[in-house]
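These notes concern the structure reproduced below.
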Amino acid sequence: MPRENKADHTSAGQHRPGPGPGSSSGSTRRTFLQRSGAVTLAAGALAGGLARPAYAATDSVYLDRQTWDAWHEEFYRSGVDGQPDEPNDDTAHGKSGGLGWGQSYVLAALLRMYAAYGDTRYLDRLVENTDLVLSVRDSERGVTDYKGESLPAWRANHPYTVGVVELLDASGRPTLEVRVGRVYSSSTSVTVVAGSEPGTFDLTVLHSQSGNRRTYVGLSMDPASPNYVVRRLYDAYPATVLGTARDLRETPNAAGDPAPGTYQMTSLPTIFAVHTGMITFPIASFVRLVRHSPPLREIPRYREKAEEFLHAVREAVAVHDQEWRENEAGEGTLIWRKGSAQQWDGSEQPINQTLGWGQTVAELAVITGEEEYRHRTRAMAKMLRGQLAVDAGDAYTWHYWPTFGNIYNGYPKTGSPETDISLYNPNLATPARQIEDVSHAAITVEFAAAAFRAHLGMDGRDLARLARTYTQNVAGGASAHVRVDGTGALNPTYALQTPRWMPLAPWDEQVFHHSLAVYENYQPTPASLGGVFGWVLGNVAYLHQYARRGR
């Protein structure tokens, strides 16, 4: 799910873009409900099915342009996570992913509002925001990932990555690295005390976020000892803290035992393909819009920015070239390379994360016509189609993890980190076989629609079946189930993500009517949500775009 951050102020001295197009004062919950009070549903509408709401689409406050513009202005004024000039790591709000799960939706929303109203002020804001987003790439900031590389994309760390801590001996020399294969690893501390026997020490690993703790007693730095710390932690895995260790000494005499004390772990920075894809997808879509629109192409600023942005998108997408894999069947996916700062390094990425990157690749295929982008889009579409199961209602269902992968099937330790699948999690005894949830599935839907537009591997029947996934499985009354097979109790958190399935509305208009009814049912406002978050702007803009189609 998109991560919500309820901060109500910004750091001193940080630039914020000015008010958005058509801005007005923000709506309070009282005035919001007064304005929407005349909107009613027919008795029983959507309670047991997908009956059409008994009101005109234009009656909804969620289709009122002034309301959206006011919320857009409030997004910048409040300084919630996802501001365009804030890095994607934990620099700004103590958590990472603000650009990937916040600003990406704002950029997409601005495109949708332009599509709805044809007002280039939305494109002007998109250009301004994109300039800021590009200014905080790692290569521009001079920061590095876990490999020490400064790349033209956006790193993340806490809470999404695994962590390490370097232990020193009494002389300050590096002697041992302790790792945990868990997220929220910055909440982990490692405490060293002298052991009860000479030449030994005890080590306690505490993962505070989960409350899990493990103490290892009588450890040794002697590789020949049965209590050698590296072997003891490896043999104990998977203890609840998922801890492993690495000897930092070049020779056994290069440093002594870890000095007593408590050491705080650090979440390692890495660049997630899904963040790259979410951020660059609307930027690439802007490029395609300008290139395919003669009136926009005639505007020098848009024409020049489109070329500048295209170069940046290419560079960002290429950061993940080494993660690309293609099997003998021609199915394409991304992996997390072994040793990368991921909980499941060495394994395939979730379907939605591969396709979050893939949606930008599909746009590049259309923009450039280059065979590499076209081939990879077809390969990812083939992978997706191989994961889609047709249910009794001729709708698609699928899992979170690809069924051909390590996480879905599990894997054992081999006895050596060198031959294990994963460095940070060498053993997965319990496979993860959950069905995809509605929010993450929306990313897959976006890719499917992008590949369909590009005529690269997805056809109308695929989109029609995905639409039935929404109408038959996801929708429930004026709410939504959690997962794409219709399981999981009706859940407002997931229901408010349903407008992100709007690319399927051309195959079944009820996707629009239902998602609008969801918003009328729950009536989310900035006050009730604790702020205007990027996903809110993106979802409501999708309602605007579809409601005004053809106008």
If I ask for residues that are in contact with a Gly (Cβ under 8 Å, 6 or more places away or on another chain) and either assigned to a helix (DSSP H, G or I) or open to solvent by less than 30 Å² (accessible area, probe 1.4 Å) (or both), which ones from the stretch 500-520 would you list? Arg500
Index of the failed condition, Met265 passing every other in (1) surrounded by fewer than 19 Cβ atoms within 10 Å (Cβ to Cβ); (2) closer than 30 Å to Gly172 by Cβ; (3) of a type in the set (A, V, I, L, M): (1)
Residues Val143, Val180, Val165: which one is β-branched (Val, Ile, Thr), over 21 Å from Pro226 (Cα atoms) and either open to solvent by 50 Å² or more (accessible area, probe 1.4 Å) or out of contact with any Asp or Glu (no Cβ under 8 Å at 6 or more places or on another chain) (or both)? Val180
For Gly550, all conditions in the list (1) open to solvent by 10 Å² or more (accessible area, probe 1.4 Å); (2) in contact with a helix residue (DSSP H, G or I) (Cβ under 9 Å, 6 or more places away or on another chain) hold save one; what is the number of the exception? (2)
Looking only at the stretch 105-116, count every residue that is in contact with a Gly (Cβ under 7 Å, 6 or more places away or on another chain) and not hydrophobic (A, V, I, L, M, F, W, C) and tell me the total. 1
Could you grab me the full set of residues in the stretch 119-140 that are within 17 Å of His544 (Cα to Cα) and either among the β-branched types (Val, Ile, Thr) or open to solvent by 50 Å² or more (accessible area, probe 1.4 Å) (or both)? Thr120, Arg121
Is it true that some residue in the stretch 522-529 is open to solvent by less than 10 Å² (accessible area, probe 1.4 Å) and closer than 18 Å to Asn352 by Cβ? no
Would a scan of the stretch 121-144 turn up a residue that is over 29 Å from Trp71 (Cβ atoms), out of contact with any strand residue (DSSP E or B) (no Cβ under 8 Å at 6 or more places or on another chain), part of a loop (DSSP other than H, G, I, E, B) and not small (Gly, Ala, Ser)? yes
Across the stretch 227-265, what is the number of residues that are outside any strand (DSSP E or B), more than 34 Å from the chain's Cα centre (by Cα) and of a type in the set (Ser, Thr, Tyr)? 1
Using beta carbons and a limit of 9 Å, which pairs, at least six apart or on different chains, have the first residue in the stretch 455-469 and under 18 Å from Leu355 (Cα atoms) and in a loop (DSSP other than H, G, I, E, B) and the second one of a type in the set (D, E, K, R) and open to solvent by 10 Å² or more (accessible area, probe 1.4 Å)? Leu456/Arg374; Leu456/Arg378; Gly457/Arg378; Gly457/Lys382; Gly457/Arg385; Met458/Arg385
Cross-chain or 6+ apart pairs with Cβ under 7 Å, the stretch 487-504 first and at negative phi, then open to solvent by 20 Å² or more (accessible area, probe 1.4 Å) and at pLDDT below 95: Thr493/Met1
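Yes/no per residue for (1) buried (at least 17 other Cβ atoms within 10 Å of the Cβ); (2) free of Cβ contacts under 8 Å to residues at least 40 places away in the same chain; (3) among the hydroxyl-bearing types (Ser, Thr, Tyr):
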{"site": "Met221", "(1), (2), (3)": "yes, no, no"}
{"site": "Ala224", "(1), (2), (3)": "no, yes, no"}
{"site": "Arg231", "(1), (2), (3)": "no, yes, no"}
{"site": "Pro260", "(1), (2), (3)": "no, no, no"}
{"site": "Phe272", "(1), (2), (3)": "yes, no, no"}
{"site": "Met278", "(1), (2), (3)": "yes, no, no"}
{"site": "Pro282", "(1), (2), (3)": "yes, no, no"}
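The values are calculated or read from the model by the stated rules, or taken from the named source; none is laboratory data. Fair warning: this is a prediction, and the values are worked out from it, not measured in the lab. Counting neighbours? That spans all protein chains shown, and the Cβs are built from the backbone with ideal geometry, glycine included. SASA here: full protein model, heavy atoms, side chains in, ligands and nucleic acids out. Shrake-Rupley method; radii C 1.70, N 1.55, O 1.52, S 1.80 Å.
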